[in-house]
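Novice: Pasting a structure below so you can have a look.
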Amino acid sequence: MAPPSGKRVKGIQVFRPFVYGTTAKPFDDVTNPKPPGVPNEHTHLWTVFVKGIDDVDITYWLRRVQFKLHETIPNPIRMIDGEKGKPFQVHETGWGEFEITIKLYYVAESGEKPQTLYHHLRLHPYGRTEEEKETMRLGGGDIISWTYEEQIFNEPYDAFYDILTSGAYPPPALPGAAAAGGNNSKSGGKGSGGKSAGGGGKSKEKDQQQPTQPQRSEGGVLEHSAMIPLTNRPGQPFSRETEQLEIKKLKEALVKVEDLTKKMAEEVAAKDKRLQELRADAPVSNKK
């Protein structure tokens, strides 16, 4: 691939959040019957994927993903080209867990080399406690093993920088839903094409002077942005709420570590004192 033309934007980093991982579901005769042709020893249906946070489109910076599966699986290397608004994913069946190699290929304008991630397929919930195991289950019994990641573009080429920062906008409306807002991004950005909110009785000049800014939808995110959801929702376990819970856990763990460190220091000091006392009481041997 030829290097992109233009210069890099010095001193700038742009990041985009995304999620990768696997979702598995055991076969059963009622909720997830085994399809015809699936080997008898296969126990689960599973999917490996790379997608945007809150399911937003990421094909404007990621063009292709390669999934390298276990060598015993037919056609173990799967190359998935991006489709706007859809995740990069592979569906398979099996009975065992293994490591999957995920290779990310970026759009030509980025000039970036492919990057590799590694993910372990999980077919069974794991954890130190039943509560931790339960966090791996979604409604319907799906076993999730998902990872939140942030792709950082360091000093991107100017053309790619323009693509990344062309303007955030709301995700496409569901079929049949009324348009809630228009393209309120910067000039050159992409928009949803809906009507502008607040038109009745206001002058065109006033609307142009005070453009309505794109808004999150129900705590979600905007397309072409670095946002993450404000709160957790079904099927969306990563959010600012999750972040705050993790920070709380880290702070609680830090307090425990500090308490243990203090306790161990006191024990070491007591033992050292006792050692000095024993040395002082020990008889001095006569040297010849």
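Novice: Whose amide H sits under 5 Å from the amide H of Ile100, counting only residues 5 or more places off or on another chain, with H placed in the peptide plane?
Specialist: Amide H neighbours of Ile100: His119, His120, Leu121.
Novice: A further question on this structure: Evaluate E = 1/(1 + (r/R0)^6) for Arg128 and Lys84, where r is the Cβ-Cβ distance and R0 equals 30 Å; express this FRET efficiency to the nearest 0.05.
Specialist: The value I calculate is 0.15.
Novice: Give the carbon-plus-sulfur fraction of the accessible surface of region 1-128 in %, rounded to a whole number; probe 1.4 Å, heavy atoms of protein chains only.
Specialist: Its accessible area is 52 percent carbon and sulfur atoms.
Novice: Label Asp162 and Asn32 with points 7 Å out from Cα along Cα→Cβ: what is the distance between them in nm?
Specialist: Distance between label points: 4.7 nm.
Novice: What are the ³J(HN,Hα) couplings of region 77-84, residue after residue, when phi is run through the Karplus curve with 6.51, -1.76, 1.60 and θ = phi - 60°? Round to Hz, x for glycine and proline.
Specialist: Rounded to whole hertz, the list is 9, 10, 9, 10, 7, x, 10, 3.
Novice: What is the distance in Å between the Cα centres of region 223-241 and region 101-122?
Specialist: Centre-to-centre distance over Cα atoms comes out at 22 Å.
Novice: Using the structure shown, select from Lys51/Lys133; Lys86/Lys133; Lys133/Lys251; Lys51/Lys113; Lys25/Lys68; Lys7/Lys113 the pairs with a Cα to Cα distance greater than 26 angstrom.
Specialist: Too far apart for the 26 Å limit: Lys86/Lys133.
Novice: Follow-up question, since we're still on this one. Return the long-range amide H neighbours of Gln151 (sequence gap of 5 or more, or a different chain), with a cut-off of under 5 Å between placed amide H atoms.
Specialist: Amide H to amide H, under 5 Å and 5 or more residues apart or across chains, Gln151 pairs with Arg16, Phe18.
Novice: Under a 5 Å amide H to amide H cut-off, with H placed in plane at 1.01 Å, what residues pair with Thr43 once short-range neighbours are removed?
Specialist: Amide H neighbours of Thr43: Gly94, Trp95.
Novice: Beta carbons within 10 angstrom, averaged per residue: use that to sort the peptides 127-136, 65-74, highest first.
Specialist: On the way: 127-136: 10.6, 65-74: 15.0.
Going by the mean number of other Cβ atoms within 10 Å, highest first, we get 65-74, 127-136.
The values are calculated or read from the model by the stated rules, or taken from the named source; none is laboratory data. These numbers were taken from a predicted model, which means no experiment stands behind them. For neighbour counting, all protein chains shown are included, and Cβ atoms are generated from backbone atoms with ideal geometry for every residue, glycine included. Just so you know, the surface numbers come from the protein's heavy atoms only, side chains and all, with ligands and any DNA or RNA stripped out. Shrake-Rupley method; radii C 1.70, N 1.55, O 1.52, S 1.80 Å.
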